[in-house]
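The structure appears right after this line, and notes come after that.
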Amino acid sequence: MFTGTPEELRQREAQARELAEQAAALLAEIDALGLGEGMGQLHTPGGMIRKRPGQGWVVADR
């Protein structure tokens with residue numbers, strides 16, 4: 001469990017979101033290879049990465 005300050009928590013949540021955006025971009029690149037598309041969702045700290053029809057992989061808040 002996180003025991004830092006509220007500011008540290010906000011900073012880490014922002015960093016987690018940024019990393020999730022990078023992961024979503026990589027998943028989209030993998031799908032673009034044309035070998036089949038990934039499905040479902042990945043849970044991350046502070047949110048999730050979901051496959052949305054017509055939108056590709058997106059980062060969503062919980």
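Within the range 41-50, restricting attention to residues that are open to solvent by less than 50 Å² (accessible area, probe 1.4 Å) and modelled with pLDDT of 85 or more, the residue that is farthest from L9 (Cα to Cα) is I49. Selection of the range 22-40 for residues being open to solvent by less than 90 Å² (accessible area, probe 1.4 Å) and of a type outside the set (G, A, S) yields L27, D31.
The values are calculated or read from the model by the stated rules, or taken from the named source; none is laboratory data. Values in this document were obtained by computation on a predicted structure and should not be read as measured data. Heads up: the accessible areas ignore ligands, DNA and RNA and are worked out on the full protein's heavy atoms, side chains in. Shrake-Rupley method; radii C 1.70, N 1.55, O 1.52, S 1.80 Å.
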